[in-house]
Amino acid sequence: MKVEICSNSRRSAEHAKAGGADRIELCSRLEVGGTTPSPEDIAYCVRQLQLRTHVLVRPREGNFTYSDAEFALICEEVEMCKRAGAHAVVVGFLTPDGRIDVAKTRHIVELAAPMEVTFHRAFDEMTEEPLVALEKVIGCGCHRILTSGCKPTAEEGIDTLRQLVHQAAGRITILAGAGVTPANAAHIVRQTGVTEIHGSCKHTLPDGTIETDTQTVLSLMEQIKALTD
């Protein structure tokens, strides 16, 4: 089992490491769903913290249908992640009618190598049947899909997550995310068979800042460790 913690700052990354997370998904502006972090923050997490760092590449908030100019910027940001030492990039592309954008996804997979590529929760906003979309993402060469089973939370999406894991049959990793907490993580894992989970383990500070909470990460890791003991 692998646990990925969504971290929106250096401090959040430090807390994720202190809690024992296997890796982080680094982003900025978590309050709008996350955007691309700075190269300095990526390098800090990789080199100073020595954390396995997957980087969200998303130039703006909003939908996942990008113009040619926006896609060119995404390509530049993927190259930046590679230079900064990131281990993977996290992206998602949909066509105007809400289907997996195969051309853009395949291009990023080729550009990102040897980094891994995660197709993020744009998967949960598509109009396609999930098992059909799964085959498209596998065909693009992605290494994992971050998904809640096309429901608001992973717990609500257990049935679809189980189907995705079964059909994937080890060809791609299904990373269960959205609403994953120490209270439900073990249940989600047992019911779906996923081997990786994603959580933010966040709390809000008095000034309104969103930050990863070390104790919550520790609690989540304890629940997952209990499954494998």
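In segment 79-101, the residue that is modelled with the highest pLDDT out of those that are in a helix (DSSP H, G or I) and exposed (fewer than 15 other Cβ atoms within 10 Å of the Cβ) is 79. When restricted to residues that are more than 14 Å from residue 14 (Cβ to Cβ), surrounded by 20 or more Cβ atoms within 10 Å (Cβ to Cβ) and of a type in the set (Asp, Glu), segment 28-48 contains 0.
Note on segment 152-169: residues that are of a type in the set (Gly, Ala, Ser) and over 18 Å from the mean Cα position of the chain (by Cα) total 1.
The single condition from (1) surrounded by fewer than 17 Cβ atoms within 10 Å (Cβ to Cβ); (2) touching a Pro at 6+ places or on another chain (Cβ under 6 Å) that residue 114 fails is (2).
Here residue 166 meets each of (1) assigned to a helix (DSSP H, G or I); (2) in contact with a helix residue (DSSP H, G or I) (Cβ under 9 Å, 6 or more places away or on another chain) with one exception, condition (2).
Scan segment 114-161 residue by residue and report those that are among the small types (Gly, Ala, Ser) and either touching a helix residue (DSSP H, G or I) at 6+ places or on another chain (Cβ under 9 Å) or modelled with pLDDT under 95 (or both).
Of the residues in segment 114-161, the ones among the small types (Gly, Ala, Ser) are 122, 133, 139, 141, 148-149, 154, 157.
Within segment 114-161, 133, 139, 141, 148, 149, 154, 157 qualify.
Summed over segment 187-218, the residues that are surrounded by fewer than 18 Cβ atoms within 10 Å (Cβ to Cβ), part of a helix (DSSP H, G or I) and in contact (Cβ under 8 Å) with a residue 40 or more places away in the chain give a count of 2. Against the test of being of a type outside the set (Val, Ile, Thr) and either surrounded by fewer than 16 Cβ atoms within 10 Å (Cβ to Cβ) or assigned to a loop (DSSP other than H, G, I, E, B) (or both), the options 4, 25, 76 yield a single qualifying residue, 76. Selection over segment 175-186 of residues that are in contact with a helix residue (DSSP H, G or I) (Cβ under 6 Å, 6 or more places away or on another chain) and either at pLDDT below 95 or surrounded by fewer than 24 Cβ atoms within 10 Å (Cβ to Cβ) (or both) gives a count of 2.
The values are calculated or read from the model by the stated rules, or taken from the named source; none is laboratory data. What you see is a predicted model, and the numbers here were worked out from it, not measured in a lab. Here the Cβ is made from the backbone with ideal geometry for all residues, glycine too, and neighbour counts use every protein chain on show.
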